[in-house]
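The values are calculated or read from the model by the stated rules, or taken from the named source; none is laboratory data. If you're wondering where the values come from, they're calculated on a predicted model, not measured in any experiment. Note that we place each Cβ from the backbone using ideal geometry, even for glycine, and neighbour counts take in every protein chain shown. Quick note on the areas: whole protein, heavy atoms, side chains included, nothing else; ligands and nucleic acids left out. Shrake-Rupley method; radii C 1.70, N 1.55, O 1.52, S 1.80 Å.
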Amino acid sequence: MPIDKIIVVEDDLIVRRNLEQQLRQHRYEVASTATLAGVRDLMERDTFDLVFLDVRLPDGEGTDLLRELQTVPQKPLVVIVTGFGSVESAVECMRNGAFDYMLKPFSSDQLQVVLKKAENFNQLLKVNQYFNQAEVDESGYELLGRSPVMEQLRLLVRKVARTQATVLIAGESGTGKELVARALYRQSPRANAPFIRVNCAAVPENLIESEFFGHEKGAFTGAVSKREGRFELAHNGTLLLDEISEIPPQLQAKLLRVLQERELERVGGNRTIKVDVRVIATTNRRLEESVERKEFRQDLYFRLNVVPIHIPPLREHKEDVVFLAQQFMPRYARKHGVRVRAIVPATLAALAAHNWPGNVRELQNVIERAVILCGDGGELLPEHLGFTASSGEAPAKPASIVPSAAAALTDVPGDLISLAEMEKHHILAALEKTRQNRTHAAKLLGISIRTLRNKLNQYGVKGKDGGSDDEPESSEGGETA
């Protein structure tokens, strides 16, 4: 609940006590005063989230205080309360920064509506501040790939997303765990609520509890004001706990309690705060092994592992490498303002032959570097990649669309063959891969069917049975969501 502390500024004792009582029934901390001097004193000693402010007070006008509060760095929301309302005074108060305007006498239902509006608005402000301070990657969040394993992954995401289940996403670094988490969020009933991420490995151990659960003013040295934690910011939405295996043992018990009870206390506070959050956790470790070594609580592991999702490394679906490279190339060309004509077949073969220990993130970095190095109007050549098929660790036999093309690069003794010959090998390998289906081969190569037909005529290759380019395209493999 984003609103904690409220001041009631009202000179009518009966109205003030009645409003205090109603607010305390809703579990708010309430302070009250009958004067402007009293409210100024309260605000010097503590921070408040909401002020109910009467217009006519013994030592001045409430509207004067309203104008003063607009210059305060952490200003509270102000609801004007008056028994002498008019359209003109309401408009004037709103112009001066009032959040809402209530006429006395008001019902408990009216009060509840105002409190709900204030809570929603306050949470929106906090979430907006979080996103303004966070480093948000603006690149696409789609799950790309045409291989069967990627199709299965997207199907699983669609099934799990519509539930409220806690999800544990496991995979090597660079496989796209956050992309899967964001896909779960976008396809879930909570898609219009906040998506809050916390990198457990990046937060210092002495601050991670405050990062999760927030803290009260004065809770520790440097806590000069109250701060909401990530669980509160994600209320009604989704919280991504990235690299969950890195949280210290003393925090694991508190996290387990939040997952079980859906409630927490801020550091230095004693008030229980209810939260409604869907939790998605990621890890690049085998958590079951951490449990066996007593590094990770078994009960927390079971609580997180309601729906496990494993993301395979890129080397296990290398048939996606060329497709991914062709998707990344125009993205980075736009980013850097570079016009790239194409990725030449020899480059595609080198990409397909590489073992990709850094997975998709490594592929992205390689393509971005190649785009920058190739220059405006150029083509992506093998030397732009920063590696060769034979450098470094010997790559595994490529399960790519171009096995014969890759062999043509490295298995021919003496000098390398020409690019024209390399292109021919690459095209014929694609035809072999698609069982001579020219439509599918052209799509796989990223060229038009007319270009493929012209190339085959140039090579003197005639169509075979079942290899007609008039064959309708299959819907499979076309999805890039």
Discussion item. Against the definition (in contact (Cβ under 8 Å) with a residue 40 or more places away in the chain and not in a loop (DSSP other than H, G, I, E, B)), how does Val113 come out, yes or no?
Written reply: no
Worksheet item: What are the residue pairs meeting all of these: first residue in segment 315-344, first residue within 17 Å of Trp356 (Cα to Cα) and open to solvent by 30 Å² or more (accessible area, probe 1.4 Å), second residue of a type outside the set (Asp, Glu) and assigned to a strand (DSSP E or B), Cβ atoms under 9 Å, and 6 or more apart or on different chains?
Response: Gln326/Ile343
Practice prompt. Could you please let me know if Gln187 is touching a helix residue (DSSP H, G or I) at 6+ places or on another chain (Cβ under 7 Å) and either open to solvent by 10 Å² or more (accessible area, probe 1.4 Å) or of a type in the set (Val, Ile, Thr) (or both)?
Written response: yes
Discussion item. I need the full set of residues from segment 164-190 which are out of contact with any strand residue (DSSP E or B) (no Cβ under 9 Å at 6 or more places or on another chain) and among the hydrophobic types (A, V, I, L, M, F, W, C), in order please.
Written reply: Leu179, Ala183
Discussion item. Looking only at segment 214-229, how many residues end up being outside any loop (DSSP other than H, G, I, E, B), open to solvent by 10 Å² or more (accessible area, probe 1.4 Å) and either touching a residue at least 40 places away in the same chain (Cβ under 8 Å) or out of contact with any strand residue (DSSP E or B) (no Cβ under 6 Å at 6 or more places or on another chain) (or both)?
Written reply: 2
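Out of Leu179, Leu184, report the one residue that is modelled with pLDDT of 90 or more, in a helix (DSSP H, G or I) and either among the polar types (S, T, N, Q) or under 13 Å from Leu239 (Cα atoms) (or both).
Leu184
Yes/no per residue for (1) surrounded by fewer than 16 Cβ atoms within 10 Å (Cβ to Cβ); (2) at pLDDT 50 or above:
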{"site": "Pro382", "(1), (2)": "no, yes"}
{"site": "Pro395", "(1), (2)": "no, no"}
{"site": "Pro398", "(1), (2)": "no, no"}
{"site": "Ala406", "(1), (2)": "no, no"}
{"site": "Ser418", "(1), (2)": "yes, yes"}
{"site": "Gln436", "(1), (2)": "no, yes"}
{"site": "Leu445", "(1), (2)": "no, yes"}
{"site": "Arg450", "(1), (2)": "yes, yes"}
{"site": "Gly467", "(1), (2)": "no, no"}
Discussion item. Being of a type outside the set (Phe, Trp, Tyr), open to solvent by less than 30 Å² (accessible area, probe 1.4 Å) and at pLDDT below 90: is that true of Asp4 here?
Written reply: yes
